[in-house]
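**Q** Provided herewith is a single structure, encoded as structure tokens, for subsequent inquiry.
The values are calculated or read from the model by the stated rules, or taken from the named source; none is laboratory data. Given the structure is predicted, the values throughout are model-derived calculations rather than measurements. All Cβ positions, even for glycine, are placed from backbone atoms using ideal geometry, and neighbour counts span all protein chains on display. The accessibility values were calculated without ligands, DNA or RNA, using every heavy atom of the protein model including side chains. Shrake-Rupley method; radii C 1.70, N 1.55, O 1.52, S 1.80 Å.
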Amino acid sequence: MGTDIYVDLEDPKRVSDKSDVYSYGVVLLELITGRKPKYQDIDIVNWAKSRIKQALEEEYRGFVDTRLQSFDKIEMKRMVYCAEACVYSRPQLRPSMEKIVLALKGHMPNLKDLHGSTENDTELPHITINKGISSSSTERFQRIFTYQELTIATEGFSGKNLVARSSQCQVYKGYLNGETVTVKKYNYMPGKKEDVFDHIKSISSSVHHNNLVNLLGFCNEGPNRLLVYEFVSEDKSLRSHLHGNVTSTLAWPIRMGIALSIARGMVDLHELYKPLNIYEQYKDDSIFLDGNFQPKFAEYGHGRFLSGAFGGHSLTVNYAKADVYLFGEILMELVTGKPSNEDGVNIAEWAEPVLGMALLHKEYDIVDQKLKEFNATELIRMIKCALACVHRYAHFRPQMSQIAEVLAGNAPPETLK
């Protein structure tokens, strides 16, 4: 092929000037099939043309490299769709690199949205992919589900798939296109002044971030009003890892990584959505951890995700500073291993003076006893950040960007004052 391509999924603009979307699709075909661009005088594009239709139906025999002992079918599906759109679409209908990156990273629920005119692509708002954020463009990639589809996905909203219920909605585990999803079925309340479904749909549709449990699509058919999210499980929450019946505890490096990821995620979200309170509360039971212990917030725009409660902490006044306070509580939980609220006592009430004394006397008996070891320098940074976050007066609390820098060791704790 003679074309060098360098693609960074964190920055799609870093594509060599000598390459184009078509040639990137050819590279994807090479990765999928294991074939050379040209083998026995047969071009890979011509060889794959008749076979890729079968692969689009998730029948991969005779198409995927036989040397692969195993592969993730969902990731393979994304790659096949991207390759097909890049190579076999007419030039004016080929997707932009931003679209391809969104699809490969799993941020495009309907992969058929890869096809579109360049005129439409130029109308796409800027997407800051290196921060894992997309804003109003997210709505273009959210699927509209039919009520019948979601009925089938949840096996008729069966009791065995029921995860939780509240006065406002029922939450179900469902299966769509081979992926596990969370389906929230809202009660129909005609004439109600403030509609919970519309409120949450509006906020969930406005933001997409790697640290959020993201909205995949919705159904709005008369009284049938449902939201479909990425799947989260209660046993994957930060609370369950810290305080649940688990056989092992979170090691110190993992706790530090969780704290940093939450802080950086909050910085991103605060910067992009300054005028909008996108989450009304986030606590240890509304932060979920994926397989790599990367946190995802489920509590933006409403109360507890799995119970569907509407409300929680009211952050309409200086919500960013209230977020900082809540983050301080989470840091205290990571340090002490104690729940945020025990016997009606908030963790900041008792932990603030105790942690202050620990720093003063350099005695850290307050640290979670389940931790076999910890990094003392990082511990001190985390404690100082926690104490600064829960300052009694909001205007003395630091910005999330300052906290992230101190936690990472890029700035001294004195900068928090």
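**Q** Can you tell me which residues in segment 217-233 are crowded, with 20+ Cβ neighbours inside 10 Å and in a strand (DSSP E or B)? Steps first, please.
**A** Of all residues in segment 217-233, those crowded, with 20+ Cβ neighbours inside 10 Å come to 217-219, 225-229, 232.
Within segment 217-233, GLY217, PHE218, CYS219, ARG225, LEU226, LEU227, VAL228, TYR229 qualify.
**Q** Pick from GLU333, GLU373: which is open to solvent by 50 Å² or more (accessible area, probe 1.4 Å) and out of contact with any strand residue (DSSP E or B) (no Cβ under 8 Å at 6 or more places or on another chain)? If you could, list the steps in order and put the result at the bottom.
**A** On the way: GLU333 fails: open to solvent by 50 Å² or more (accessible area, probe 1.4 Å).
Answer to the check: GLU373.
**Q** To continue, here is another question. If you go through segment 234-253 one residue at a time, how many are under 15 Å from ASN292 (Cα atoms) and either at pLDDT 90 or above or open to solvent by less than 60 Å² (accessible area, probe 1.4 Å) (or both)?
**A** Number satisfying all stated conditions: 8.
**Q** Would you be able to tell me the number of residues in segment 67-104 that are basic (Lys, Arg) and open to solvent by less than 10 Å² (accessible area, probe 1.4 Å)? Break it down into steps so the answer makes sense when it comes.
**A** Taking segment 67-104 and keeping what is basic (Lys, Arg), we get 67, 73, 77-78, 90, 94, 99.
Next, from what is left, pick out any that are open to solvent by less than 10 Å² (accessible area, probe 1.4 Å): 99.
The total comes to 1.
**Q** Quick one: ILE74 ticks every box in (1) assigned to a helix (DSSP H, G or I); (2) out of contact with any Asp or Glu (no Cβ under 8 Å at 6 or more places or on another chain) except a single one, so which number is it?
**A** Condition not satisfied by ILE74: (2).
**Q** Under 7 Å between Cβ atoms, at least 6 apart or on separate chains: pull out the pairs that start in segment 139-168 with a residue that is assigned to a loop (DSSP other than H, G, I, E, B) and modelled with pLDDT of 90 or more and end on any residue that is of a type outside the set (S, T, N, Q) and open to solvent by 30 Å² or more (accessible area, probe 1.4 Å).
**A** Correct list of pairs: PHE145/PHE218; PHE157/LYS185.
**Q** Find the residue count for segment 79-97, including only residues that are at pLDDT below 85 and part of a helix (DSSP H, G or I).
**A** Total meeting the criteria: 4.
**Q** How many residues are modelled with pLDDT of 90 or more and either part of a loop (DSSP other than H, G, I, E, B) or open to solvent by 80 Å² or more (accessible area, probe 1.4 Å) (or both) if we restrict to segment 169-186?
**A** 1
**Q** Could you tell me whether PRO109 is buried (at least 21 other Cβ atoms within 10 Å of the Cβ), outside any helix (DSSP H, G or I) and at pLDDT below 75?
**A** Values: buried (at least 21 other Cβ atoms within 10 Å of the Cβ): yes; outside any helix (DSSP H, G or I): yes; at pLDDT below 75: yes.
Yes.
**Q** Residue by residue through segment 347-370, note down the ones that are loosely packed, with under 14 Cβ neighbours inside 10 Å and either within 15 Å of ILE330 (Cα to Cα) or hydroxyl-bearing (Ser, Thr, Tyr) (or both).
**A** GLU349, the sole residue that qualifies.
**Q** Something else: Output the residue which, of all residues in segment 392-410 that are over 27 Å from the mean Cα position of the chain (by Cα) and more than 17 Å from HIS270 (Cα to Cα), is surrounded by the fewest Cβ atoms within 10 Å (Cβ to Cβ).
**A** Residues of segment 392-410 that are over 27 Å from the mean Cα position of the chain (by Cα), as a first pass: 392-396.
After this cut, where a residue has to be more than 17 Å from HIS270 (Cα to Cα) as well, the list is 392-393, 396.
Numbers: ARG392: 9, TYR393: 7, PHE396: 11.
Going through the qualifying residues, I end up with TYR393.
**Q** Residues of segment 329-338 being under 24 Å from the mean Cα position of the chain (by Cα) and under 11 Å from ASP368 (Cα atoms), which ones?
**A** Going through segment 329-338, the residues under 24 Å from the mean Cα position of the chain (by Cα) turn out to be 329-334.
Selection gives MET332, GLU333, LEU334.
**Q** With VAL345, VAL354, VAL324 as the choices, which residue is within 21 Å of GLY265 (Cβ to Cβ) and at pLDDT 80 or above?
**A** Numbers: VAL345 fails: within 21 Å of GLY265 (Cβ to Cβ); VAL354 fails: within 21 Å of GLY265 (Cβ to Cβ).
Answer to the check: VAL324.
**Q** Across segment 35-66, what is the number of residues that are over 22 Å from LEU111 (Cβ atoms) and open to solvent by less than 30 Å² (accessible area, probe 1.4 Å)? Before you say what the answer is, go through the steps one by one.
**A** Going residue by residue through segment 35-66, those that are over 22 Å from LEU111 (Cβ atoms) are 35-43, 46-47, 66.
Of the ones still in play, those that are also open to solvent by less than 30 Å² (accessible area, probe 1.4 Å) are none.
Summing the residues that are over 22 Å from LEU111 (Cβ atoms) and open to solvent by less than 30 Å² (accessible area, probe 1.4 Å) in segment 35-66 gives 0.
**Q** Across segment 145-168, which residue is nearest to LEU111 (Cα to Cα) among those that are within 24 Å of the chain's Cα centre (by Cα) and open to solvent by less than 30 Å² (accessible area, probe 1.4 Å)?
**A** Here the residue is PHE145.
**Q** Looking only at segment 90-107, which residues are within 12 Å of ASP20 (Cα to Cα) and touching a His at 6+ places or on another chain (Cβ under 8 Å)?
**A** Selection gives PRO95 alone.
**Q** When the residues of segment 1-46 are filtered to those that are over 15 Å from ALA85 (Cβ atoms), assigned to a loop (DSSP other than H, G, I, E, B) and among the acidic types (Asp, Glu), which remaining residue is modelled with the lowest pLDDT?
**A** If we take residues in segment 1-46 being over 15 Å from ALA85 (Cβ atoms), assigned to a loop (DSSP other than H, G, I, E, B) and among the acidic types (Asp, Glu), then ASP17 is modelled with the lowest pLDDT.
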